[in-house]
Structure formats: C-alpha cells, structure tokens
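The values are calculated or read from the model by the stated rules, or taken from the named source; none is laboratory data. A quick note: this is a predicted structure, and the numbers were derived from the prediction, not measured. So basically every Cβ, Gly included, is an ideal-geometry build from the backbone, and we count neighbours across all protein chains shown.
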Amino acid sequence: MNEIAQELNKQILSENPYTYAVLSDLGKQLYFPKGILTQSAEATQYAHRFNATIGIATEKGQPMYLPVIHDTLTQYEPKDLYQYAPPGGKVELRNIWGERLLEQNPSMNGKVYGLPIITNALTHGLSIIADMFVDPGDPLILPDKLWENYNLIFDVRRGANLLTFPFYDGNGKINTSGMRESLLAQKEYGKAILLLNFPNNPTGYTPDEQEAAEIVKVIREVAEEGINLIVIHDDAYFGLFYEDSIQESLFGRIANLHPRVLAVKVDGPTKEEYVWGFRVGFLTFAAENEIILKALENKVLGIIRGTLSSGSHPSQTFVLQALKSPDYLAQKQEKYDILKQRALKVKEILNNNKYQDAWDYYPFNSGYFMCLKLKKTDAERLRQHLLERYGVGIIALGNGDIRIAFSCVEEENIQELFDLIYQGVKDLEMA
C-alpha cells in the first residue's frame with residue numbers, strides 16, 4: 001500500500017476507529033499523490049516568474065484557446081445546453097470525431113473499428129478501460145517514463161501489477177527490446193495490458209517510422225506466442241508532432257493486427273483543441289467485427305450510466321461547434337505553430353554546450369513537455385530551490401529528472417527559464 005495512503009489511514013484510525021472500520025479495501029488504498037498536481041499547486045502559489053509545471057498551453061498570460069470556441073459561447077439553442085446528453089455522447093459529435101480520426105490516421109483505412117464513445121475526458125476513458133479489462137494481479141506493461149495518474153487508475157483502483165521497462169535504449173530510441181522482454185515474460189500468465197502514450201508525458205517523445213514498425217512487430221510476435229493483449233493508446237497530445245516522428249496514432253497500425261490483440265484508443269480535444277476544462281474525451285475500439293464492437297460499446301455505456309450517467313452536454317456542444325467551423329483548421333494550425341516554435345527553441349538552447357556540466361536532455365519531438373536528466377543535482381531539492389529563490393516552477397520526477405512544460409512558457413522567455421534552472425543547479429553545488 002502506498003505510504004501516503006497508509007498515513008491517511010493512520011490519521012483516520014487515530015481520530016475515529018469506527019470511520020476507519022467502514023472504509024472499503026479500495027477506500028483504504030486511495031490517496032492523492034504528492035506528484036505533478038501537488039507540485040503544480042505549489043508553483044501556482046509561488047512561481048511568480050515562470051510556471052513550467054502544468055500541462056496546458058498558455059499565451060500572453062492566459063490559457064491558449066481557439067476563438068471559434070470562445071467567441072460563440074452565447075449563441076446556442078437551449079436544447080444543446082440544458083438537457084441530458086446520451087450516455088455515449090452527442091451522436092453528431094461522435095460521427096464527426098470518427099471522420100476526423102480517419103482523416104488524420106491513414107492506417108485506419110480498411111480497419112474495423114467502432115464509433116468513438118464520448119467520455120468525461122481521457123482519465124475517465126482510461127478508468128473505463130481499467131474497469132473493463134483489469135483484474136487484480138493483471139500485468140500492465142508500460143515504460144518507466146510515465147504519467148503518475150496511471151498508478152491510481154490501474155493499480156490502486158483495479159490492483160494491476162505495474163511492470164515498467166526503460167523507455168529509451170542506449171541510442172536514445174524507444175526501447176522495443178525491453179518492451180518485448182516485458183511482454184513475453186507474461187506468457188505463462190497468458191494476458192497483458194500494454195499502455196502506449198505518444199506524444200509521451202513526461203518526455204515529449206513520439207516514435208519515428210522505424211520505431212513504430214518495430215513496436216507493431218513486437219506486438220504481433222507476442223500475440224503469436226499465445227498472449228492475449230489489450231493495447232491502450234493514450235493519445236492525449238495527438239497531432240502535436242513537430243519533427244522526426246510518425247504523424248499519426250499507432251492505433252491504426254495495431255487495429256485488427258491479430259485475433260489476440262484488442263486495440264483501444266483514448267483521445268479527445270482536451271489538449272488538441274486547448275479545452276482542458278471542458279472534460280470531453282473519446283474511447284474507440286478496434287475488433288474483428290461489428291458484433292464485438294457493439295457488445296463492447298454497450299458495456300462502456302453501462303459503466304457510464306452507473307457512474308456519470310452522462311457527460312456534460314454544453315461541453316460537447318462547444319466542441320462540436322468548433323469542429324464544424326470553417327475557421328477551425330486555420331486557428332488550430334496557428335496554435336500548433338506557436339507550440340512547435342517553442343519546442344524548437346528549447347532544443348536550440350539545449351544544444352548549446354553552456355549547460356553540459358549540469359544536465360543532459362532526453363530526446364523529444366512532440367507534445368507539451370521535455371525532460372532534463374540532471375547529472376549531479378537532486379531533482380526535488382532543485383525544484384524547491386527554484387521555487388523559493390527564483391519563482392520558477394518545474395516538476396521533479398524521481399531523484400534525477402525534471403519535467404519542463406514549454407507549452408506554458410512564451411518563446412521569448414525560454415532562454416531565461418533555462419538560465420535560471422542552470423543558476424539553481426550552480427547555487428546548490430556551491431551550498
């Protein structure tokens with residue numbers, strides 16, 4: 001059991017043992033992690049200079065947004081705002097998102113997949129998958145560079161056995177050999193859940209064509225060894241591909257790959273359309289035929305009905321209106337260009353030998369984030385020092401890595417941000 005959960009249980013037990021006694025097994029295991037959200041909360045309070053912690057994109061001190069959404073919030077019919085949305089979401093929005101998936105993922109052509117089901121953003125979609133497919137002890141295979149919330153979703157809530165492999169190999173590429181080894185180790189168990197997250201949070205890395213082909217090859221080989229696989233594609237940052245990577249989700253390439261492989265895509269407009277607070281996501285299955293897809297959809301609808309009942313109708317309406325707007329693509333391209341320039345600026349700065357004594361950086365080519373590998377400095381100590389001394393917020397990951405969200409730092413401020421981080425390292429070395 002997690003140490004934070006144990007401490008919470010001790011507090012409850014010491015104050016009222018009767019309250020502790022009525023907690024369920026899951027209730028006893030629940031905790032709020034002292035991870036990204038906690039560090040971001042501290043940064044929000046103290047990072048008066050730069051806050052490079054939170055997973056949103058900002059522009060001129062405000063959250064980035066598309067005018068096709070923001071400028072039309074008073075123009076809707078009551079029927080599109082106030083009544084319940086269907087448990088699976090607005091059908092028109094589901095259809096448009098499905099068409100969009102096909103346009104943006106050429107590998108989906110000719111594949112059998114279901115109509116996207118609307119969820120309460122991606123975390124909810126991942127939780128649905130966990131509820132449907134994870135029993136206690138089931139192995140969840142994922143790289144060691146991962147989003148901390150996977151622990152709560154799959155381990156704490158469902159009892160999955162989280163097994164990680166090193167994300168990068170010795171050449172700075174995706175460690176497909178480690179992925180293969182971890183999956184084949186489940187042959188006796190006969191089942192595994194593989195979680196792929198590209199662009200990756202926290203590293204901002206997406207595979208290139210050669211790496212993508214190798215991942216697909218590994219999955220096919222594992223299935224041919226008799227292991228049943230659920231392959232989850234967490235595509236939260238889909239479309240933000242800047243250089244040297246595939247330009248689509250691996251979902252289309254893995255869909256219908258083998259009878260033992262069930263491919264699932266979790267995505268949404270949260271990051272893609274800069275509407276983090278709208279909490280709209282999509283869940284899409286690929287299977288052999290429509291019978292299986294319909295049965296899976298009905299199971300998902302059962303989970304939604306038994307938890308949320310249905311998602312937010314206004315949020316779905318706003319997203320639908322944006323996707324139908326003639327200005328949508330141009331506005332989205334404008335924001336993409338801003339984020340790409342920030343990413344390229346970060347890489348330009350980091351390729352300067354000025355910082356080589358303090359850190360290396362992990363390869364990145366997409367998304368909102370990138371990570372530094374500190375050579376001598378403790379990550380948490382540096383995080384606290386930067387916050388207290390310079391008003392700079394970063395995320396500490398373990399002892400030696402820090403995550404920087406360039407998505408929320410203006411391009412003209414990126415040089416100063418890294419200079420301050422470097423100064424923080426020097427301060428601690430001299431302390």
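Residues in region 105-118 that are of a type outside the set (Ser, Thr, Tyr), in a helix (DSSP H, G or I) and under 11 Å from Phe251 (Cβ atoms): 1 in all.
Taking each residue of region 307-329 that is on the phi < 0 side of the Ramachandran plot and in contact (Cβ under 8 Å) with a residue 24 or more places away in the chain and looking for partners that are surrounded by fewer than 17 Cβ atoms within 10 Å (Cβ to Cβ) and polar (S, T, N, Q) with beta-carbon atoms closer than 7 Å, six or more apart or interchain, yields His313/Gln83; Gln321/Thr72.
Residues are listed down the side, and each one gets a yes or a no for (1) exposed (fewer than 15 other Cβ atoms within 10 Å of the Cβ); (2) in a loop (DSSP other than H, G, I, E, B):
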{"position": "Gly88", "(1), (2)": "no, yes"}
{"position": "Glu99", "(1), (2)": "yes, no"}
{"position": "Glu103", "(1), (2)": "yes, no"}
{"position": "Leu122", "(1), (2)": "no, no"}
{"position": "Asp131", "(1), (2)": "no, no"}
{"position": "Gly137", "(1), (2)": "yes, yes"}
{"position": "Asp155", "(1), (2)": "no, no"}
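Among the residues making up region 164-176, those that are touching a helix residue (DSSP H, G or I) at 6+ places or on another chain (Cβ under 9 Å) and either charged (D, E, K, R) or surrounded by fewer than 16 Cβ atoms within 10 Å (Cβ to Cβ) (or both) are Thr164, Pro166, Asp169, Lys173. Residue count for region 298-309 under the criterion of being out of contact with any helix residue (DSSP H, G or I) (no Cβ under 7 Å at 6 or more places or on another chain) and either surrounded by fewer than 18 Cβ atoms within 10 Å (Cβ to Cβ) or outside any helix (DSSP H, G or I) (or both): the result is 8. Only one of the numbered conditions (1) closer than 30 Å to Leu115 by Cβ; (2) of a type outside the set (Lys, Arg); (3) at pLDDT 75 or above is not met by Tyr46, and that is (1).
When region 180-207 is examined, which residues are found to be part of a loop (DSSP other than H, G, I, E, B) and not polar (S, T, N, Q)? Scanning region 180-207 gives Ala185, Lys187, Glu188, Tyr189, Gly190, Phe198, Pro199, Pro202, Gly204, Tyr205, Pro207. Every listed requirement among (1) assigned by TED's automatic domain parsing to the domain that holds Asp169; (2) touching a helix residue (DSSP H, G or I) at 6+ places or on another chain (Cβ under 7 Å) is met by Val346 save one, (1).
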